[in-house]
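The values are calculated or read from the model by the stated rules, or taken from the named source; none is laboratory data. If you're wondering where the values come from, they're calculated on a predicted model, not measured in any experiment. No Cβ is skipped: glycine too gets one built from the backbone with ideal geometry, and neighbour counts run over all protein chains shown. Heads up: the accessible areas ignore ligands, DNA and RNA and are worked out on the full protein's heavy atoms, side chains in. Shrake-Rupley method; radii C 1.70, N 1.55, O 1.52, S 1.80 Å.
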Amino acid sequence: MQAFPPQRTTSTITSLELRGITKRFPGVIANDKVNLSVHGGEIHALLGENGAGKSTLMKILYGLYQPDAGEVRINEQPVTISSPQDAIARGIGMIHQHFMLVPSLTVAENIALGLRSSRGLRLDLDRVSAEVQRLAELYGLRVDPKAYIWQLSVGEQQRVEILKALYRGAELLVLDEPTAVITPQEVDDLFAMLRQMRAEGRALIFISHKLREVIALSDRVSVLRDGRLVGTFATAGKSRSDLARLMVGREVIAARADTKHPSEGAGSIALELQDISAQSDRNTPALHGVTLQVRAGEILGLAGVSGNGQRELAEVIAGLRPTSAGTIKLAGKDLTGNPAERANAGISYIPEERMRDGTVLEFSVAENLILRNHTEAPFARGPLLNRSAVDRACRDLIQRFQIKTPGPHTPLKSLSGGNIQKVIMARELSREPAVLVAAQPTRGVDIGATAAIHQLLIELRRRGGAILLISEDLDEILALADRIAVIHAGNIAAILPHTEATPERLGLLMAGVASEVT
Amino acid sequence: MEQLFTLTTLTGILHSTIRLATPYLFASLGETISQRSGVLNLGVEGQMLMGAFAAFFVVVTTGSLLGGVVAAIFVGALLGLLMALVSVSFRAEQGISGIGMYLLGLGLSSLLFRLTLGSVQSVRGFAELALPGLSSIPVLGPALFKHSLLVYVAFALVPMVAYLLNRTTWGLNIRAVGDNPQAADTLGVPVIAIRYATVTVGGAMAAMGGASLSISAVNIFQENMTGGIGFIAVALVYFGGWRPVGVMLGILLFSLVSALQIWLQLVGIGIPSDLAVMLPYILTIIALALAPRRTGQPAALTRPFNRGMA
């Protein structure tokens with residue numbers, strides 16, 4: 001813990017060096033002799049797929065993990081970082097991917113947490129608030145110190161995270177996938193602020209797998225693959241495909257580029273929502289009269305900043321959340337009052353929380369594959385499971401969907417995120433659904449599996465399936481969707497054909513700045 | 001004459017309400033601190049029994065009331081540490097470890113009582129302390145300001161615990177650790193140490209609750225003399241919405257019904273006594289069922305902390 005006042009009390013970090021960092025977990029080497037060197041006054045991108053070891057490396061730097069081998073040097077001096085407290089004292093700040101905020105506390109309380117108070121045991125939140133205001137103005141981070149975290153949007157919460165680190169005098173700031181949850185405009189603001197911090201001589205480590213952002217922002221880029229450092233390169237002169245190849249280790253087929261298909265007058269209306277309203281888990285209104293249609297043979301993209309009603313909408317369609325108003329029709333048939341019927345009538349759902357809602361991690365791959373229809377023939381014989389029929393069907397699915405698993409009886413939890421997602425896709429798509437609701441289908445999934453999942457969605461469209469693709473990744477929506485609906489605060493702000501959708505226009509709609517109901 | 005009778009009765013009922021509330025206040029406020037840091041201590045009942053016995057034993061053998069209080073606090077803190085070891089360090093299922101603590105306290109206090117004292121006897125506990133001036137206010141004075149020292153201490157703890165939780169850096173740490181320990185950890189807040197501290201303090205306060213029975217309210221010790229007070233105390237933390245003042249209000253309501261029930265039996269209104277005794281408990285169940293849903297519940301309650309694991 002460090003004493004007040006907070007502004008730039010830690011000495012400047014001119015260089016940070018990680019030498020030969022190795023970290024083993026049971027069965028995996030997360031980091032294998034990784035070297036990394038970062039200077040003050042640079043933005044250093046750390047690029048790698050999920051599971052490449054980026055987060056582990058940064059958790060070691062922040063004292064959350066201890067390395068099995070290797071050393072950390074700051075300004076040429078070897079240092080031991082055995083806890084986050086050590087890291088903070090040395091001027092290291094971290095913006096975690098999943099924000100480390102306490103929702104029931106105010107902004108000022110979150111920032112003061114863990115620090116000494118100028119009034120001894122008594123909290124001095126007024127002083128903290130004043131200092132927060134000063135920092136906020138300096139960096140253009142508008143936020144009310146007295147607001148509770150749970151009242152803030154995701155973008156505002158990110159600002160609180162950054163303020164928290166600045167308040168502690170962070171000279172080296174690690175940002176773990178900071179753009180994943182914010183609008184394009186907020187990304188611009190964030191980048192401007194990071195450049196300002198670079199100009200002040202701070203060191204910034206920017207973790208991302210979005211190549212465009214890495215190229216736009218960083219001075220140098222270090223690429224990790226399978227726990228090893230592939231190399232560190234000057235960003236200037238590297239193209240997106242160069243970086244993708246370094247990251248994946250082979251030529252990446254740009255699955256997205258050739259997927260655009262001319263909206264060839266899609267088929268009949270498969271799914272129709274009329275004035276749907278619904279409540280959130282906290283019993284506050286989450287959807288306000290949502291109206292949209294998805295036609296057979298089209299992908300309707302639903303863009304929006306997380307928490308604007310996407311999850312509630314998906315669950316309403318899948319029959320997991322009751323509606324308070326409106327009607328849901330499937331191929332013209334009113335199924336509003338009949339949630340359980342919807343699944344049988346041909347709606348499939350790939351939930352956002354695939355580990356929690358989509359699977360039973362302790363079950364085997366095979367058991368997960370038959371979760372939906374294990375009570376039907378041929379998998380069931382009366383009350384008993386027909387093991388051989390299950391095995392046969394599952395081996396077939398594993399092959400068709402290229403699920404990388406040692407076998408059908410492997411516990412699902414030992415598979416990678418991408419392969420778990422393929423298991424869900426296999427289960428849902430093998431039913432040949434008329435309507436598929438896919439919520440964040442590629443979040444946290446590596447490039448290879450992402451391409452495969454996109455291919456599966458495109459094939460389903462070709463076969464006449466109606467797809468509602470909910471994603472916070474605008475690139476994904478722009479690449480796949482025929483039409484794009486933007487959701488903001490539980491309303492559909494607009495529905496645009498993909499030809500008229502640009503990131504800028506969508507960003508404004510997502511932020512609720514403009515509304516153009518078609 | 002009629003008027004005077006009802007006022008005296010009212011004073012009597014209020015007086016017993018305050019007296020009955022005392023052990024709950026100690027136990028529930030301690031439990032509030034513990035739960036706000038994310039640890040459910042279901043072993044309050046056992047810790048109360050051990051506190052009641054320790055205090056009683058020391059007073060019987062030495063005659064020192066201060067010694068009795070110190071003994072209760074010491075034993076309660078020790079049991080709190082044990083609870084923390086099991087729930088925080090070993091990350092045991094907190095509902096189960098609490099039942100273990102209850103059975104340990106119940107069995108051990110009965111065993112030690114039989115081995116040492118053996119027979120029912122009474123001690124000279126804390127005497128009634130009428131606050132000069134205040135206690136001569138008509139009706140309310142004798143009801144509120146003629147109590148033993150521990151009663152005043154118990155009520156004084158309400159604003160103290162509220163201040164601790166809401167206005168101090170310790171309190172901020174406790175609340176943060178109970179809501180999002182991972183976030184607190186990344187800011188260098190010692191999650192484990194804070195949980196140890198709150199559970200230990202909670203244990204000491206529960207034991208004081210027990211002592212307030214054995215060396216203040218009734219001045220005797222009996223096996224299983226708490227008869228469920230510790231469990232009700234845990235329920236009242238939920239009822240009070242994890243806020244000291246709310247918890248106190250819940251306790252006063254519960255104690256008022258208990259006092260009324262005793263009075264009903266004394267005047268012999270034609271209700272079977274078994275039914276009357278059940279009244280406060282039925283009220284607890286109804287109140288808990290009607291209480292607003294879990295608002296204010298620490299998000300990490302009963303969730304053990306493990307650095308690096310989400």
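Ignoring ligands, DNA and RNA and using a 1.4 Å probe, state the total buried accessible area between A and B in Å², rounded to the nearest 100. Please report the intermediate quantities before stating the final value.
Values: alone 22650 and 14460 Å², together 35010 Å².
Result for this pair: about 2100 Å² buried.
Which residue fluctuates most in the GNM of chain B (Cα springs below 10 Å): B:267, B:237, B:70?
The residue with the greatest mean-square fluctuation here is B:267.
Residue A:303's amide H: which non-local residues (gap 5+, or another chain) put their own amide H closer than 5 Å, with H modeled 1.01 Å from N in plane and none for Pro or chain starts?
Under 5 Å from the amide H of residue A:303 lie the amide H atoms of A:485, A:486, A:487, each far enough along the sequence or on another chain.
Over the stretch A:118-263, what portion of Cα pair distances is larger than 23 Å, expressed as a whole percent?
In whole percent, the long-distance tail amounts to 49.
What do you get for Rg/Rh over chain B if you use C-alpha atoms and the Kirkwood form of Rh? Working shown, then result.
On the way: Rg = 19.8 Å, Rh = 19.9 Å.
With Rh from the inverse mean 1/r over Cα pairs, Rg/Rh is 0.99.
Relative to a virtual label point 7 Å from the Cα of residue B:140 in the Cα→beta-carbon direction, which members of the stretch B:18-53 show backbone nitrogen distances below 18 Å?
The answer is B:18-19, whose backbone nitrogens lie closer than 18 Å to the label point.
For residue A:331 and residue A:291, what is the calculated FRET efficiency with R₀ set at 22 Å and r taken between the beta-carbons, to the nearest 0.05? Could the numbers behind the result be given before it?
Values: r = 17 Å, r/R0 = 0.79.
It comes to 0.80.
Counting only protein heavy atoms, what percent of the accessible surface of the stretch A:105-254 is carbon or sulfur at a 1.4 Å probe? Each step should come with its number before you reach the end.
Details: 3000 of 6000 Å².
The C+S portion of the solvent-accessible surface of the stretch A:105-254 is 50 percent.
Apply 1/(1 + (r/R0)^6) to the Cβ-Cβ distance of residue A:284 and residue B:66, taking R0 = 56 Å, and write down the FRET efficiency to the nearest 0.05.
Details: r = 53 Å, r/R0 = 0.95.
Efficiency, from the Cβ-Cβ distance: 0.55.
For each pair in A:164/A:422; A:146/A:210; A:54/A:422; A:164/A:238, compute the distance between the two Cα atoms and list the pairs where it is over 32 Å. Working shown, then result.
Values: A:164/A:422 38 Å; A:146/A:210 34 Å; A:54/A:422 24 Å; A:164/A:238 34 Å.
The answer is A:164/A:422; A:146/A:210; A:164/A:238.
Mind jotting down the distance between the C-alpha centroids of the stretch A:123-172 and the stretch B:202-241, whole Å?
If we compute the Cα centre of each part, the gap is 43 Å.
Can you list the aspartates and glutamates whose alpha carbon sits under 14 Å from that of residue A:404, skipping same-chain ones fewer than 8 residues off?
Qualifying aspartates and glutamates at Cα under 14 Å: A:396, A:446.
Using a/c under 1.5 as the rounded threshold, could you call the stretch A:277-352 rounded, prolate or oblate? The axes a ≥ b ≥ c are square roots of the C-alpha gyration tensor eigenvalues, and prolate needs a/b larger than b/c, oblate otherwise. List each step's numbers first, then the result.
On the way: a/c = 1.62, a/b = 1.23, b/c = 1.32.
It is oblate, given that a/c is not under 1.5 and a/b is not larger than b/c.
Provide the solvent-accessible area of residue B:205, counting protein heavy atoms only and rolling a 1.4 Å probe, rounded to the nearest 10 Å².
20
Mind grabbing the accessible area of residue A:247 for me, 1.4 Å probe, Å², rounded to tens?
My reading of the accessible area for residue A:247 is about 0 Å².
Rounded to the nearest 0.05, what FRET efficiency do residue A:226 and residue B:289 give with R0 = 45 Å and r taken as the Cβ-Cβ distance? Could you check?
Numbers: r = 55 Å, r/R0 = 1.21.
About 0.25, to the nearest 0.05.
Among the helices of chain B (complete DSSP H runs), which have Cα atoms covering no less than 24 Å along the helix axis and a Kyte-Doolittle mean of at least -1.0?
Within chain B the helices that satisfy the rule are B:2-36, B:44-62, B:65-84, B:94-116, B:149-167, B:191-212, B:244-267, B:273-290.
Among B:51, B:210, B:228, which one shows the biggest mean-square fluctuation in a GNM of chain B, springs joining Cα atoms closer than 10 Å?
Maximum among the listed residues: B:228.
Between the stretch B:66-118 and the stretch A:53-117, how far is it from one alpha carbon centroid to the other, in angstrom?
37
Collect residues whose amide H, placed 1.01 Å from N in the peptide plane, falls under 5 Å from the amide H of residue A:466; neighbours closer than 5 in sequence don't count.
A:297, A:435, A:436
Using +1 on the beta carbon of Lys and Arg, -1 on that of Asp and Glu, and nothing else charged, what's the dipole of chain A about the Cα centre, debye to 20?
Details: 59 positive and 58 negative charges, 221 e Å.
Computed charge dipole of chain A: roughly 1060 debye.
Please compute the Kirkwood hydrodynamic radius over the stretch A:359-484, one decimal place, Å, based on all pairs of different Cα atoms. Walk me through the intermediate numbers first.
Numbers: mean 1/r = 0.0655 Å⁻¹.
Computed over the stretch A:359-484, the radius equals 15.3 Å.
Enter the accessible area per residue of the stretch A:384-465 (Å², integer; probe 1.4 Å; all protein chains in place). Spell out each step's value before the answer.
On the way: 3470 Å² over 82 residues.
Accessible surface, normalised per residue, equals 42 Å².
Filter the trypsin sites (Lys or Arg not before Pro) in the stretch A:271-324 to those in DSSP coil with at most 10 other Cβ atoms within 10 Å of their Cβ, and list the result.
For trypsin sites (Lys or Arg not before Pro) across the stretch A:271-324 that sit outside H, G, I, E and B with at most 10 neighbouring Cβ atoms in 10 Å, the list reads A:282.
How large a share of the accessible area of chain B, in percent, is made up of carbon and sulfur atoms when the probe is 1.4 Å and the other protein chains stay in place? Provide the component values of the computation, followed by the final result.
On the way: 9490 of 13360 Å².
Here carbon and sulfur together make up 71 percent of the probe-accessible area.
Quick one: among B:184, B:207, B:55, which has the greatest mean-square fluctuation in a GNM of chain B with alpha-carbon springs under 10 angstrom?
Of the options given, B:184 has the highest mean-square fluctuation.
What shape does the stretch A:88-134 take by its C-alpha gyration tensor, where a ≥ b ≥ c are the square roots of the eigenvalues and a/c under 1.5 counts as rounded, a/b above b/c as prolate, and the rest as oblate?
Because a/c hits 1.5 or more and a/b exceeds b/c, the stretch A:88-134 counts as prolate.
If you take every DSSP beta bridge fully contained in the protein assembly as shown, what fraction is antiparallel? Give it as a percent rounded to 5. Let's see the in-between values first.
Numbers: 54 of 90 bridges.
For the protein assembly as shown, the DSSP antiparallel bridge percentage is about 60.
Leaving ligands, DNA and RNA out of it, rank A:414, A:239 by accessible area with a 1.4 Å probe, largest first.
If we order A:414, A:239 from most to least accessible, we get A:414, A:239.
Return P(r) of the protein assembly as shown (all Cα-Cα pairs; 20 Å bins starting at 0; whole %; ordered from short to long distances).
Percent of Cα pairs in each bin: 13, 37, 33, 15, 2, 0.
Keeping every protein chain present and rolling a 1.4 Å probe, give me the accessible area per residue for chain B in Å². Walk me through the numbers before you get to the answer.
Details: 13360 Å² over 310 residues.
Using a 1.4 Å probe on heavy atoms only, each residue of chain B averages 43 Å².
In nm, to one decimal, how far is the modelled label at residue B:149 from the one at residue B:271, with both set 7 Å along Cα→Cβ?
Between residue B:149 and residue B:271, the simple spin-label model gives 3.7 nm.
Give the shape of the stretch A:5-97 as rounded, prolate or oblate, defined through the alpha-carbon gyration tensor: a ≥ b ≥ c are the square roots of its eigenvalues, a/c under 1.5 means rounded, and otherwise the shape is prolate if a/b is larger than b/c and oblate if not.
Numbers: a/c = 1.69, a/b = 1.62, b/c = 1.05.
Because a/c hits 1.5 or more and a/b exceeds b/c, the stretch A:5-97 counts as prolate.
With each pseudo-label sitting 7 Å past Cα toward Cβ, what's the residue A:459-residue A:355 distance in nm, one decimal?
2.8
So how far, in whole Å, is the C-alpha centre of the stretch A:303-323 from the one of the stretch A:405-419?
When both Cα centres are located, 28 Å separates them.
Ordering A:336, B:6, A:499 from largest to smallest accessible area (1.4 angstrom probe), what's the sequence?
Numbers: A:336 30, B:6 70, A:499 110 Å².
Putting A:336, B:6, A:499 in descending order of accessible area: A:499, B:6, A:336.
When only the heavy atoms of the protein chains count and the probe is 1.4 Å, how do A:321, A:159 rank by accessible area, highest first? Mind showing how you got there, number by number?
Values: A:321 25, A:159 45 Å².
Of A:321, A:159, the descending order of accessible area is A:159, A:321.
At 1.4 Å probe size, with every protein chain present, just tell me what the per residue accessible area of the stretch A:116-213 comes to in Å². Write out the running numbers ahead of the final one.
Numbers: 3830 Å² over 98 residues.
Solvent-accessible surface per residue comes out at 39 Å².
From the phi angles alone, apply the Karplus equation (6.51, -1.76, 1.60; θ = phi - 60°) to the stretch A:406-416 and give each ³J(HN,Hα) in whole Hz, x where the residue is Gly or Pro.
Each residue's phi maps through the Karplus curve to give x, x, x, 9, 6, x, 4, 5, 8, 8, 6 Hz.
Using a loss threshold of 30 Å², tell me which positions in the stretch A:85-127 are less accessible in the complex than in their chain alone. Probe radius 1.4 Å, ligands and nucleic acids ignored.
Hits at the 30 Å² cut-off: A:85, A:100, A:102, A:105, A:109, A:113, A:114, A:121, A:122, A:123.
Angle, helix A:154-167 long axis vs. longest principal axis of chain A, Cα atoms, 0 to 90°, nearest 10?
Value to nearest ten degrees: 20.
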